Structures are given as structure tokens and as C-alpha cells.
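Single-structure report; data block below.
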Amino acid sequence: MEAADRLNILLVDDQPGKLLTYETILAELGENLLKATSAREALGHLLHSEIAIVVMDVSMPDVDGFELAAMIRQHPRCERTAIIFASAVHVSDLDRMKGYETGALDYLPVPIVPQMLRAKIRVLSDLHRKTRQLTRLNEELERRVGERTEALERTAERLRGSEARFRSLAEGMPHIVWEADPGGNVTYFSPRWRTYTGAEPSTHFGWGWLAVVDAEDRERARAAAIAAVESKGDVRLDFEARFRRHDGVYRWLHASGEAVLRADGSVEKWVGTCIDIDERKRAEQTLRETDRRKDEFLAMLAHELRNPLAPIHNALKLQRMPEADPALMNWSRDVIERQVGQLTRLVEDLLDISRITRGNIRLRVERVDLAAVIEGAVETSRPLIDGRNHMLAVKLPEERIELSGDLVRLTQVVANLLNNAAKFQDEGGAISVSAEREGKEAVIRVRDRGVGLSADSLEKIFELFAQVRTRERFDAGLGIGLSLVRTLVELHGGSVSARSDGPGCGSEFIVRLPCLAADAEPLASGARPRASRAVRDGLRVLVVDDNRDSADSLALLLRLRGHEPQACYDGTSALEAARTLQPHAVLLDLSMPDLDGFDVCRRLREEGLESALIVALTGYGQEADRNRSLASGFDAHLVKPVDPELVAKLLDERGASTRRPQ
């Protein structure tokens with residue numbers, strides 16, 4: 001990386017050892033790493049250098065991290081600086097909330113996971129570079145528009161005494177030049193108007209020019225023109241609107257004008273220009289879209305990382321309990337192994353995207369048997385497919401079809417498509433994968449009967465971080481898998497496409513790869529253990545989560561504490577169970593496939609559980625998420641991974657005020 005392209009990343013901690021650790025973790029990114037052991041030293045860096053990202057400790061001797069973050073956010077120079085907190089002490093939900101309120105993008109517990117920190121810094125660095133490039137482009141475009149407008153205004157000033165000279169110059173200018181009478185009625189358009197709109201200038205004299213303004217912008221453009229005409233002070237016009245070009249395409253124009261005054265100060269006429277600024281507006285839209293997708297990605301990444309942590313946390317709690325028998329210990333270890341595998345796959349996908357973005361991915365090319373690719377992918381995806389009780393049909397070619405490619409990466413392509421097919425349809429669905437030769441191409445097809453895709457989704461589903469959400473599948477992941485598929489296929493000289501008859505009609509993904517010349521048992525789920533001690537006089541608790549490990553592990557913890565839990569894995573079965581169980585408390589996940597937690601909570605309240613304790617369990621923990629859950633009828637909002645001690649405390653408080661029926 002060129003020195004000029006490196007970003008400044010500031011590491012703030014009063015312990016030199018931790019600074020050295022952060023520096024070691026982030027060294028491979030190639031950025032400029034600045035260090036500070038106090039808030040005063042950190043402010044010095046911030047005032048003298050452009051800092052892209054600050055990674056800071058919360059506990060510092062003179063000014064703590066929260067106060068330093070507040071000072072950073074108040075300074076205009078640091079408005080685009082991203083802040084990440086790291087703390088080994090202040091790790092409660094209140095601490096995290098305080099960190100986010102001071103403007104931090106993330107709050108990491110210490111010890112830091114090196115891969116996670118590098119991934120976050122890499123994403124934020126890329127976003128900072130793109131934002132800086134777009135800002136510079138916008139400034140350059142504004143400068144050019146300003147220079148051109150000033151030049152035209154100077155030209156108009158020189159032309160006041162000579163109408164003929166003005167017209168001759170106007171006709172030779174690359175921009176649209178116009179004249180209007182004191183009332184704002186256009187009396188002249190330069191020939192550029194006809195070139196641009198495809199209509200004779202006289203067609204749009206008076207206020208007729210409004211006919212080519214987009215309907216959504218028309219009233220605003222009219223109001224701006226009338227305001228300028230009726231102005232008694234600043235006799236200038238300044239508005240932006242979309243105008244219809246001769247080919248029917250609407251593009252953004254910047255319309256500006258100035259009144260030519262008589263000796264007595266009255267308006268003689270208006271003179272101005274229309275300049276095409278569509279590229280600038282597109283750059284602004286790209287910047288806003290990039291910022292929006294960054295926020296969505298960071299929120300979804302936090303959600304995806306928290307989901308596996310909840311069952312891991314619960315399983316570890318179970319292992320530490322004296323009542324845990326060997327069967328319970330084995331089951332909890334299986335939970336941890338599955339969820340750690342999920343975290344590992346997530347991190348590996350993030351790393352793959354990073355390598356692809358930086359151009360560092362390399363293929364190990366060899367002669368590859370297409371059948372081996374399909375068989376390897378089926379083996380990889382089989383646990384997920386069988387875990388959701390799907391039927392899988394595999395059709396391999398009768399002839400041997402060979403490719404020139406990387407066996408591991410091609411297997412990853414097909415496995416990702418199979419995993420998507422398994423995730424995005426209800427249990428007991430059907431999946432098929434087939435491979436065949438069509439001319440000089442090997443064609444792989446993966447079909448499912450799942451949620452399907454809308455027409456607009458087909459256009460964007462392969463974009464990085466694109467997330468296609470439906471009511472049936474709220475949790476759409478990070479938007480990484482299909483982007484990896486497309487990139488890996490294209491690196492092999494192939495292509496990938498998607499087809500669907502619409503939502504609810506299933507999907508088909510088709511991979512085409514150049515082929516070489518023709519010469520040549522499901523994983524068994526362990527039995528779930530039962531609690532080894534008798535149920536004490538506790539509460540009836542309904543645990544609802546579509547993540548079975550999370551629901552089952554939390555239910556086991558509650559049973560060992562003397563409560564009577566029942567686990568459900570979707571909203572519909574939760575409503576049915578509640579009518580029979582009449583629970584004292586409901587622990588309810590918000591993101592579920594059929595009915596989300598908000599709908600289930602509302603229905604439970606309507607069906608007689610007005611006094612029951614209903615607690616939201618979710619990976620989303622921003623203030624807006626908490627406000628929405630409380631407004632929907634929840635009594636509390638807990639962020640995954642949920643501390644079982646906190647759940648027990650809520651239940652104990654409810655139990656103290658509830659007389660259990662005999």
C-alpha cells in the first residue's frame with residue numbers, strides 16, 4: 001500500500017502492553033498505527049492528524065474513554081472518525097449503551113479476538129476510503145459547478161449592453177442558457193435546450209418548461225422560481241430538479257439565474273443557466289447508500305455473532321452446575337462445538353471477502369472431476385440439510401466431466417448454494433442438485449422450494465452485503481455467501497445466475513463453468529439429557545427461539561433452577577403451547593420465521609396473558625430496538641448472549657409476587 005493511501009488508526013490505552021498487543025494484531029493491515037497512553041496525548045494526535053479509526057480503552061486515569069469519545073464527537077474535524085471501545089471491566093449492557101450513546105460504532109470485550117478486530121478495522125477502513133473519495137469527488141464537482149457558474153455570471157454581466165453579442169455567445173456555450181421576463185416567463189433558450197430535450201425551445205417558453213420536469217420535483221421547481229421573482233432582496237434563483245432528456249431519461253440539472261436590473265433598481269429581465277449535475281447527484285446517492293449499507297452490515301454482523309454466543313454461554317453455565325450428569329455434559333459440549341463451528345464459518349467468510357476485496361485470493365488450479373465437487377459439497381452441507389429434515393436429490397453425470405480449477409473453492413461454491421437452499425425453506429422441504437455438460441460448459445443447478453425471490457432481488461442478490469429479507473425469513477444473514485459464489489465462479493472463468501417465479505415459488509441457481517476436452521450418513525443428534533434433580537416450586541416458563549440449541553439450553557438451566565420450562569421453536573407452536581401451559585413467564589426471541597416476537601407478544605396479551613412476564617431475547621440491542629419492544633408489550637429487553645443469572649433474577653422477582661396455584 002502506498003504511503004499516501006494509508007489511514008491513521010489511533011490506539012489509546014494507559015497500558016503499554018495492551019497497545020503493543022493491538023499494534024501486533026493490526027500490523028498486517030498496512031495502515032499507520034498511532035499510539036497514545038492518555039486522553040491528552042490522544043487529543044494531540046486528533047488535532048494534528050486525520051484519524052480514520054480510534055480503538056480506545058474505557059478506563060483511563062485522567063479522562064475516561066466515554067469522556068474522550070464525547071470530546072471527539074464534538075470536534076468538526078472528527079465527524080467521520082469511527083470509534084471502537086475495548087474494555088475488560090466495563091462490559092455490562094449499561095456500559096455498552098453508554099458507549100454507543102457517546103458515538104462508538106462497536107464495544108469489544110477484552111481479551112480481544114484478533115481476527116474479529118482485524119475484520120472490523122478492515123471494513124471500517126474500506127468504508128472510510130470510499131467516503132473520503134466520494135467527498136473529494138463531490139467537492140471537485142461543486143468546485144467545477146461553482147467555477148462555471150461564476151464564469152457564466154461574469155459573461156452575463158459583460159453581455160448586458162449587447163443582446164446580439166449575448167445571443168451569439170449563448171448559442172456557442174456547452175450549457176443551456178435562458179432568458180425570462182420580470183415575471184419569470186421564459187423568452188429564450190439557447191440551442192442546447194433543443195439538443196438536450198429534443199423539443200424546439202419555443203415549445204417550452206413561458207412556464208412550459210415545467211412540462212419536462214419530473215412530476216415529483218415540479219412543484220418545488222415552480223415554487224423556487226416564483227420565490228425568486230417575488231423576492232424584494234436577493235434577486236437570485238437556485239434550485240435542482242430532474243429534467244427529461246430527449247431519450248426519456250430524467251437527469252439532474254442545476255438551474256441558476258440572476259436578475260438584470262435597470263437604473264432604478266427594477267428587474268429588466270432574468271438570465272441564467274441549466275447545468276447537468278447528474279454525476280454529482282449519483283455520487284451523493286452512492287455515498288448515502290454506502291453509509292446505509294455499512295450501518296446495516298455492522299448491525300447484522302453484531303446479530304450474527306451474538307446468536308451462537310447465547311447457546312455457548314448457556315452450555316458453559318450448565319457444565320459448571322453440580323447437578324450436571326455425564327449425559328448433560330456431553331450434550332452441552334455438542335452445543336458448544338456446533339456453535340463454535342458456526343462462528344468459525346462466519347469468520348472464514350469474512351476473511352474470504354477481505355482477501356477477494358484486496359485481490360489476495362489465489363486458486364490452486366488442477367484437473368478436477370465435477371462429480372467430486374458435487375459429492376464434496378453434499379458432504380459439507382449434509383448436517384444442515386438433515387437437521388432441517390429436507391429431502392435431497394443428487395443427479396451426477398454419467399460421463400466424466402473435468403474442469404480446470406480449485407477443488408476446494410469449487411466445492412465451497414456448491415456448498416454455499418446448498419446451505420442457502422436449506423436455510424431459506426421450511427423444514428421438510430426439497431432440494432435438488434444436478435450436474436451435466438452443455439456444449440463446452442459444465443452446468444450445475446441447485447433448486448429448492450423455499451421462499452423464492454422477487455424480480456428486483458434477482459438483480460442485487462449477488463452484491464456484497466445484499467440482504468433479501470422476507471416475513472418468513474427475517475434473518476437473512478450478512479449478504480456474504482452469494483457474493484463469494486459469484487466471485488469464485490468468475491475467477492474460474494464461469495458465471496452464476498438465479499431464477500425464481502416469485503416469492504413463495506422456490507429458487508434455482510445455475511453455475512456455468514468451462515470444462516476441459518473430453519479425453520480422457522447424516523450426523524446423528526445426541527439424545528437430550530433430562531434434569532437430574534426434582535423440580536422445585538418454581539414458575540411455568542415458556543422459552544421460544546427458532547435456534548433450538550439456544551432454546552433447549554436455556555430451558556435446561558431453568559429446569560435445574562426449579563422452574564417448569566417448555567421450549568418452542570416458532571411463534572405458532574408458542575401460541576398453542578401458551579393456551580395449555582398458561583405460563584407465568586415467556587422468554588421470547590424476536591426474529592422468527594413464521595410469526596416474529598412482536599406478533600407473538602401481542603397475541604399472548606390479547607389471549608389472556610395480561611399479567612405474565614414477557615421478556616424479549618434478541619441480538620439487536622440499540623435504543624430504537626429496546627423502545628420498540630417495550631412499546632409492543634414486552635416487560636424487559638435482553639440482548640443475546642443473555643446472562644442466565646439475569647433471567648433467574650427476573651423470574652425470582654416475578655415469583656415473589658405470584659402465588660403459585662396448588
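The values are calculated or read from the model by the stated rules, or taken from the named source; none is laboratory data. Values in this document were obtained by computation on a predicted structure and should not be read as measured data. Glycine gets a Cβ as well: all are built from the backbone with ideal geometry, and neighbour counts include every protein chain shown. SASA here: full protein model, heavy atoms, side chains in, ligands and nucleic acids out. Shrake-Rupley method; radii C 1.70, N 1.55, O 1.52, S 1.80 Å.
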In the full protein assembly as shown, how much of E379 is accessible to a 1.4 Å probe, in Å² to the nearest 10? 140
Give me the net charge for the shell around A211: Cβ to Cβ below 10 angstrom, other residues only, Lys and Arg +1, Asp and Glu -1. +2
Just want to confirm a number: the relative contact order over segment 567-634, from Cα pairs under 8 angstrom separated by 6+ residues, in percent. 34
Could you report the accessible area of H254 in Å², rounded to 10, computed with a 1.4 Å probe on the protein chains as they sit in the structure? 30
Accessible surface of T149 - all protein chains present, 1.4 Å probe, nearest 10 Å²: 20
With charges set only on the Cβ (+1 for Lys and Arg, -1 for Asp and Glu), what does the dipole of segment 546-662 come to about its Cα centre, in debye to the nearest 20? 400
Once Rh for segment 186-244 is found with the Kirkwood sum over Cα pairs, what is the Stokes-Einstein diffusion coefficient at 10 °C and 1.306 mPa s, in µm²/s? 129
Whole-Hz ³J(HN,Hα) from phi, Karplus 6.51 cos²θ - 1.76 cosθ + 1.60, for segment 184-197, glycine and proline x: x, 7, 5, 10, 7, 10, 5, x, 4, 4, 5, 4, 7, 8
Placing +1 on each Lys and Arg Cβ and -1 on each Asp and Glu Cβ in segment 65-108, then taking the dipole about the Cα centre, the residue among A86, L68, Y100 whose Cα reaches farthest towards the positive end is L68
From the phi angles alone, apply the Karplus equation (6.51, -1.76, 1.60; θ = phi - 60°) to segment 624-633 and give each ³J(HN,Hα) in whole Hz, x where the residue is Gly or Pro. 4, 5, 5, 4, 5, 5, 5, 5, 8, x
Solvent-accessible ranking of R449, R400, R654, largest area first, probe 1.4 Å: R449, R400, R654
Could you compute Rg(Cα) / (2.2 N^0.38 Å) for segment 1-104, with N its residue count? 1.03
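What ranking of M391, M321, M56, M71 comes out by heavy-atom accessible area, probe 1.4 Å, highest first?
Solvent-accessible surface, decreasing: M391, M71, M321, M56.
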